[in-house]
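Down below is the structure, laid out as C-alpha cells.
The values are calculated or read from the model by the stated rules, or taken from the named source; none is laboratory data. Quick caveat, the model's predicted, so the values are computed rather than measured. Reconstructed Cβ throughout: ideal geometry from the backbone, glycine too, with neighbour counts over all protein chains shown.
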Amino acid sequence: MDSPRSATFTRLASQRGITLVETLVTIAILAILLGIAVPSFDLLINRNRAQSGGKQLIGLLQYARAQAQISHQEISVTPQASGDWASMLVVSLRRGGDLAGSQAIELRRTQLDDSAKVRVQTSTSAARVVFDGNGIAKSGLDYPLVFTLVSGSYSSQVCLQRSGAAWVCE
C-alpha cells in the first residue's frame, strides 16, 4: 500500500506549469513596478536631452574659439533664427575683416539634437557670440553668458566666460 508521503510526492511531481492565479499576481506586481519606474525614466530621458544639448553647445563654442585662435580672425557663432539658440547655429568668419560689404564664410552649421524638445534661454539677449583672434569673447554682452537648456522639468546650464572658456555650470 502506498504511504501518504509517496502520494503527495506523486501529486507534486505530476503538477507542471503555473496556475492562472500565479500569472495574475505576477502581472499585477510587474504593473506596480512599471508604474513606479516610468516617471523616473522620463526624468532620466529629459536630463540626458538637456545635458546632451549642453555638451553639443560647449563643443560648438570651443570649436569657434579654436578657429579664432588658429586663423587670428574674428569668428562668430550666430543662431540662424534671430536670437533663437535652439535653431540652426552657424559658425562663420568675416572675409575682408571689418571692411564694408565683407561677407561671412561659413565654417560649420549645426543644430542641437532634440532641439524641438530642448529650449535654450540666455541670460541676456545675445544675438551672437564673437571670439577675437586670441579666442577671447568680445565685449558688448554681460559675462558670464549663461545658456539654460530646458527639457521637460530638467534644466542644464552652459556658461561662457569673457576669456572664451565654456563649461557646464549647474
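Quick notes on this one:
- Scanning segment 131-165 for residues that are of a type outside the set (S, T, N, Q) and under 18 Å from Q111 (Cα atoms) turns up F147, L149, V150, V158.
- Set side by side, the residues T78, T26 differ, and just one is under 15 Å from Q111 (Cα atoms) and either of a type outside the set (D, E) or assigned to a helix (DSSP H, G or I) (or both), which is T78.
- Subset of segment 119-170 that is of a type in the set (K, R) and not in a strand (DSSP E or B) - its residue that is nearest to W85 (Cα to Cα): R128
Yes or no, residue by residue, for (1) more than 22 Å from I136 (Cβ to Cβ); (2) at pLDDT 80 or above; (3) not small (G, A, S):
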| site | (1), (2), (3) |
| --- | --- |
| F9 | yes, no, yes |
| L12 | yes, no, yes |
| R47 | yes, yes, yes |
| Q62 | no, yes, yes |
| Q69 | no, yes, yes |
| P79 | no, yes, yes |
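- Test: residue in segment 125-132 that is at pLDDT below 85, within 24 Å of Q51 (Cβ to Cβ) and β-branched (V, I, T): no
- Number of residues in segment 29-58 that are within 12 Å of Y154 (Cβ to Cβ) and either of a type in the set (D, E, K, R) or outside any helix (DSSP H, G or I) (or both): the value is 3.
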